[in-house]
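Input: a single structure, listed below in structure tokens.
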Amino acid sequence: MDKNKIALSSLALDLKRVALGYFRGSNSMAERFFEEALRRKKEIDSRKVKPYIRNLLSNFEKIMFDHDQKKQAEDALMYSTLFQNASLAKK
């Protein structure tokens, strides 16, 4: 598995933990894993991923600006699923 796929998979897991944190009402947990997700994003070489992944990588940070925790949890879970699917896709 190449470096980008591992980083995408790790990013997906971090975002899933963000979703669980917001869903459970544990904002500190969600914020901690969101910071980890931002660090994971930096590990991904955006030149080597498909354009739709590049778009998702630039947009997932908007999760933090929503004031509705339920929406934040749903969005984090959606991005998690999309990144997980991308990490499992064959070239």
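The values are calculated or read from the model by the stated rules, or taken from the named source; none is laboratory data. Everything quoted here is computed from the prediction, not taken from an experiment. When we count neighbours, we look across all protein chains shown, and the Cβ atoms used for this are built from the backbone with ideal geometry, even at glycine. Just the protein is used for accessible areas: all its heavy atoms, side chains included, with ligands, DNA and RNA removed. Shrake-Rupley method; radii C 1.70, N 1.55, O 1.52, S 1.80 Å.
Results, tabulated for the structure shown:
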quantity: Computed label-point distance, nm, for sites N85 and S26 using a 7 Å Cα→Cβ extension; calculated: 2.8
quantity: Local electrostatic count at M29 - Lys and Arg +1, Asp and Glu -1, tallied over other residues with Cβ under 14 Å; calculated: 0
quantity: Accessible area of the chain divided out per residue, in Å², using a probe of 1.4 angstrom; calculated: 65
quantity: Neighbourhood charge, 10 Å Cβ-Cβ cut-off, centred on S80 and excluding it, Lys, Arg +1 and Asp, Glu -1; calculated: 0
quantity: Pairs of Cα atoms farther than 24 Å apart, the chain, %; calculated: 15
quantity: Spacing of the two label points (7 Å from each Cα toward its C-beta) at H67 and I6, in nm; calculated: 4.2
quantity: Accessible surface of the chain, 1.4 Å probe, proportion on carbon and sulfur as whole %; calculated: 54
